[in-house]
Each structure stands twice: as C-alpha cells, then as structure tokens.
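Undergrad: Here you go, one structure.
The values are calculated or read from the model by the stated rules, or taken from the named source; none is laboratory data. Note that the structure is predicted; figures quoted are calculated from it, not measured. Cβ placement follows ideal geometry from the backbone for every residue including glycine, while neighbour counts extend to all protein chains displayed. Heavy atoms of the whole protein, side chains included, go into the accessibility calculation; ligands, DNA and RNA do not. Shrake-Rupley method; radii C 1.70, N 1.55, O 1.52, S 1.80 Å.
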Amino acid sequence: MRIGLLIYGSLDTLSGGYLYDRKLVEHLREAGDSVEIVSLPWRSYPAHLADNLSLRLFRRLRDLPVDILLQDELNHPSLALVNWRLRRLQPRYPLISIVHHLRSSEQHPRRLLPLYRAVERAYLRTVDGFIFNSRTTRQAVAGLRGESEEERGERENLAPLGGVIAYPAADHLPTPDGGTVEEMIRGRGSDAGPLRILFVGNLIARKGLHHLIAALSRVPTADWLLDVVGDETVDYAYAAALRSQIDAAGLKSNIRLYGRVSDDELAQRYRAAHLLAVLSYEGFGIVYLEAMAFGLPVLAGVHGAAGEIVDSGVNGFLVEPADVDGIAAHLSALAGDRVRLAALGRNARQRFASHPSWADSAAAVRAYLATCVQ
C-alpha cells in the first residue's frame with residue numbers, strides 16, 4: 001500500500017501519541033508499504049484554523065500519490081474544511097484519523113471550549129474511518145460526533161463510526177524478563193527506605209504534576225522521594241510554576257527533575273522506583289504500561305482510559321487528580337506497607353504480560369487499512 005501520514009512537526013516528537021505513530025510507521029514500512037510523512041508546522045490554534053483556507057495545502061493533499069491518508073487527530077484544526085473539500089473529489093483516497101485523545105476532552109477556559117468542540121466535531125465528521133487507541137477514546141469520538149441511528153439518518157454524508165481499536169504497547173523499552181522483575185519486586189517489598197515515586201510525562205498542566213506535589217506536601221518528607229522525568233520546554237511557564245511550588249513547599253531535597261531522558265535512562269528510573277504516579281487525563285496512557293513492565297504499581301487519574309489498564313486496588317489506584325488528601329492517603333499507606341506494594345507490583349507485571357505487543361496492534365491496523373483501500 002501507498003500510505004500518507006499527516007502530522008504536526010516531527011515524527012520524533014516526545015509524546016505517547018508520536019511514539020504510537022512512529023511504531024505504526026515502522027511496522028508498515030517493514031511490511032513492505034511505502035509511507036510518506038506530510039508535516040505541517042506547529043503554530044497557534046488560530047493559525048492552524050487558517051490552514052483550512054490554504055489552497056497550497058489542499059493541492060498538496062489532493063495530489064498525494066497514495067492509496068490512503070492517515071491523519072493524526074491532533075491536526076484536526078487544520079483539516080476540518082480541507083477534508084470536506086477532499087471528500088468531494090472523485091475518485092479519491094480514504095481519510096483515516098488516528099485518535100489518541102480529543103482536545104475537547106481536556107480542561108480549557110470555558111469561553112474556548114465551545115469553539116474547540118465545534119471544530120473537532122466538524123473534523124471528526126469528515127473522515128472515513130478511525131484508528132482508536134482505546135475503548136474510551138472510541139466512546140469519546142462517538143459522543144462528540146453524534147452517533148445515534150436517528151442522527152445518522154439525518155446526515156447522509158456522515159459515515160458510520162468504522163474503525164479499529166489498536167492499543168499502544170510498552171515493549172519498546174529494554175524490559176527485564178519475568179524472573180528479574182520478580183527479584184525487583186521482592187526487593188521493593190523488603191526495602192524500608194523512603195517510598196521512591198516516579199512521574200513520567202511532559203511538564204504540562206494536563207499531566208497533573210502540581211496536584212501530586214500538593215499531595216506529597218501533606219506526607220512527611222522522610223517517607224518519600226519523587227523523581228520527575230519529562231520535557232520542561234513544552235510549557236516554560238508551567239515548568240517555572242512547578243519549581244516555585246516546590247521551593248515554596250520546602251521540597252527541593254525530596255524532588256529531582258531529570259528533564260527529557262533516553263530510553264535506557266528511563267528504564268533505569270523505572271528499575272529504581274517503587275511506584276509510578278501520573279494523574280492526567282489520558283486517551284490511553286502508555287506510561288502506565290511501561291511502569292507495569294517493571295513491576296511498578298500505578299497511581300493514575302480516574303478520568304480517561306487509565307481504567308482500561310489500572311484495576312484500582314489490584315495493580316494500582318485510580319484517583320481524582322484534585323483530591324490531594326486522598327492521594328496523600330494512598331502514598332502514606334504504600335510507604336508504610338511494602339508487602340501490599342509488592343503484591344500490587346506482581347499484579348501490575350501480570351497486566352503488562354497479558355497486553356498486546358506493538359507488532360500485534362500495528363498488524364491489526366494494517367489489516368484494517370487494507371480493507372479500507374479495497
């Protein structure tokens with residue numbers, strides 16, 4: 001197949017969504033397909049909306065020598081009107097959206113949310129099919145598009161919500177074997193030192209690190225240490241606010257900020273930790289599976305798709321991100337009960353072992369694309 005993939009910026013961008021796209025492209029190329037990357041520049045939301053008026057962009061996409069065009073849903077503000085124009089062409093290639101999570105599912109200023117929802121809904125109604133990273137994401141798309149049978153009947157041009165759910169995986173990291181992980185879990189169970197907590201994610205407000213720090217300020221500092229792995233350059237203002245929060249709470253000696261790290265160093269951070277804590281809304285949350293590969297229990301936000309990975313009380317806990325007292329209670333309990341910590345870790349490793357690999361998920365996507373082309 002001749003496949004196009006439309007993204008913002010570089011395919012090497014650090015995020016779970018771009019990792020997903022990279023692994024899919026690798027699989028397609030290894031299977032013998034050609035994949036052409038179409039990159040649009042990162043700009044402001046209004047500038048992305050203006051892309052819809054670009055005759056150059058329309059002609060570029062119209063003339064692509066492909067059998068099918070994949071679009072990362074992140075690009076939706078640039079494509080709502082462009083896709084509508086592409087759909088009027090005959091013959092034309094199918095338009096397939098890769099949906100990691102919806103912008104309108106995030107928290108935004110109340111005055112802007114109606115605009116974001118309207119633009120995203122318009123885009124979602126222009127594509128022919130979807131690649132979903134979770135059941136939660138599929139449900140969110142169905143809800144925003146409007147998926148009742150009556151609504152479909154009223155909109156003849158709205159295709160049914162066809163697509164494939166292909167979960168991200170975590171076997172891209174140098175993951176230890178089961179015997180090694182069991183030794184690590186036993187070591188954590190007998191370790192009487194501070195609870196070593198790990199946060200992994202870009203330093204942006206949606207990831208909820210400020211809530212985690214607020215919760216930790218309620219736990220005695222002798223009981224915990226926090227390692228933060230994540231890019232501080234995505235939102236300089238938020239990163240600066242985090243540093244101020246840490247200073248004001250007197251927690252500088254307990255919290256280490258590592259910035260962006262290599263996969264090998266990230267694996268070392270997972271090995272050294274007792275627990276992963278990332279409280280954000282996620283369309284899936286690859287980081288949770290990465291941690292479980294190393295036998296780490298997970299403290300995750302209750303919203304989004306974390307519930308498809310984290311079985312609360314079994315391999316981690318689901319919490320309301322703003323419930324800092326409840327989060328502090330979980331952290332204090334695990335700091336004082338290493339037997340429970342080890343039991344959660346074993347269940348976490350089992351959850352990872354039962355999950356599809358990148359190759360499994362990418363193969364399912366490729367099979368779906370083949371049916372779309374046919």
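Undergrad: Does any residue in the range 358-374 that is assigned by the TED database to the domain that holds Gly162 come within less than 7 Å, Cβ to Cβ, of a residue that is open to solvent by less than 60 Å² (accessible area, probe 1.4 Å) and aromatic (Phe, Trp, Tyr) six or more places away or on a different chain, and which pairs are these?
TA: Short answer, once both residue conditions are applied: Ser361/Tyr167.
Undergrad: Say we look at the range 269-305 and pick out the residues that are touching a Gly at 6+ places or on another chain (Cβ under 8 Å) and β-branched (Val, Ile, Thr); which of these is nearest to Asp323 (Cα to Cα)?
TA: Top of the filtered list is Val278.
Undergrad: Could you tell me whether any residue of the range 157-164 is open to solvent by 50 Å² or more (accessible area, probe 1.4 Å), under 17 Å from Leu86 (Cα atoms) and at pLDDT below 95?
TA: Yes, the range 157-164 contains at least one residue that is open to solvent by 50 Å² or more (accessible area, probe 1.4 Å), under 17 Å from Leu86 (Cα atoms) and at pLDDT below 95.
Undergrad: Something else about it: Could you look through the range 333-368, keep only residues that are within 20 Å of the chain's Cα centre (by Cα) and outside any helix (DSSP H, G or I), and pick out the one that is nearest to Leu173 (Cα to Cα)?
TA: Restricting to residues being within 20 Å of the chain's Cα centre (by Cα) and outside any helix (DSSP H, G or I), the top hit is Ser357.
Undergrad: Which residues, taken from the range 197-220, are at pLDDT 95 or above, open to solvent by 30 Å² or more (accessible area, probe 1.4 Å) and touching a Ser or Thr at 6+ places or on another chain (Cβ under 9 Å)?
TA: Within the range 197-220, Arg218, Pro220 meet the criteria.
Undergrad: A follow-up question, please. Pick from Val99, Val66: which is outside the structural domain of Phe284 (by the TED database) and touching a helix residue (DSSP H, G or I) at 6+ places or on another chain (Cβ under 9 Å)?
TA: The conditions single out Val99.
Undergrad: Provide a single number: the residues in the range 350-374 that are aromatic (Phe, Trp, Tyr) and either open to solvent by 30 Å² or more (accessible area, probe 1.4 Å) or over 25 Å from Thr180 (Cβ atoms) (or both).
TA: Counting residues in the range 350-374 that are aromatic (Phe, Trp, Tyr) and either open to solvent by 30 Å² or more (accessible area, probe 1.4 Å) or over 25 Å from Thr180 (Cβ atoms) (or both) gives 2.
Residues are listed down the side, and each one gets a yes or a no for (1) at pLDDT below 95; (2) outside the structural domain of Ala222 (by the TED database); (3) within 24 Å of Val99 (Cα to Cα); (4) over 22 Å from the mean Cα position of the chain (by Cα):
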| site | (1), (2), (3), (4) |
| --- | --- |
| Tyr236 | yes, no, no, no |
| Gln245 | no, no, no, yes |
| Ser253 | no, no, no, yes |
| Asp264 | yes, no, no, no |
| Val278 | no, no, yes, no |
| Gly307 | yes, no, yes, no |
| Ser312 | yes, no, no, no |
| Pro321 | yes, no, yes, no |
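Undergrad: Hey, could you check the range 174-196 for residues that are open to solvent by less than 60 Å² (accessible area, probe 1.4 Å) and among the hydroxyl-bearing types (Ser, Thr, Tyr) and say which is nearest to Arg346 (Cα to Cα)?
TA: Filtering first and then ranking leaves Thr180.
Undergrad: Taking the criterion of being loosely packed, with under 14 Cβ neighbours inside 10 Å, closer than 28 Å to Leu203 by Cβ and at pLDDT below 95, would at least one residue in the range 76-96 satisfy it?
TA: For the range 76-96, residues loosely packed, with under 14 Cβ neighbours inside 10 Å, closer than 28 Å to Leu203 by Cβ and at pLDDT below 95: absent.
Undergrad: Residue pairs, Cβ under 8 Å, 6 or more apart or interchain, first in the range 114-128 and in the same structural domain as Val99 (by the TED database), second open to solvent by 20 Å² or more (accessible area, probe 1.4 Å) and of a type in the set (D, E, K, R). List them.
TA: Here the result reads Tyr116/Arg103; Glu120/Arg103; Arg125/Arg155; Thr126/Arg87, each pair linking the range 114-128 to a residue that is open to solvent by 20 Å² or more (accessible area, probe 1.4 Å) and of a type in the set (D, E, K, R).
Undergrad: Here's a follow-up. Regarding the range 281-291, can at least one residue be identified that is charged (D, E, K, R), under 28 Å from Asp21 (Cβ atoms) and surrounded by 21 or more Cβ atoms within 10 Å (Cβ to Cβ)?
TA: Within the range 281-291, one or more residues are charged (D, E, K, R), under 28 Å from Asp21 (Cβ atoms) and surrounded by 21 or more Cβ atoms within 10 Å (Cβ to Cβ).
Undergrad: Could I ask something else about it? Pairs needed: first member in the range 281-293, over 10 Å from Ile309 (Cα atoms) and not assigned by the TED database to the domain that holds Val319; second member anywhere, β-branched (Val, Ile, Thr) and crowded, with 24+ Cβ neighbours inside 10 Å; C-beta distance under 9 Å; at least 6 residues apart or different chains.
TA: The qualifying pairs do not exist here.
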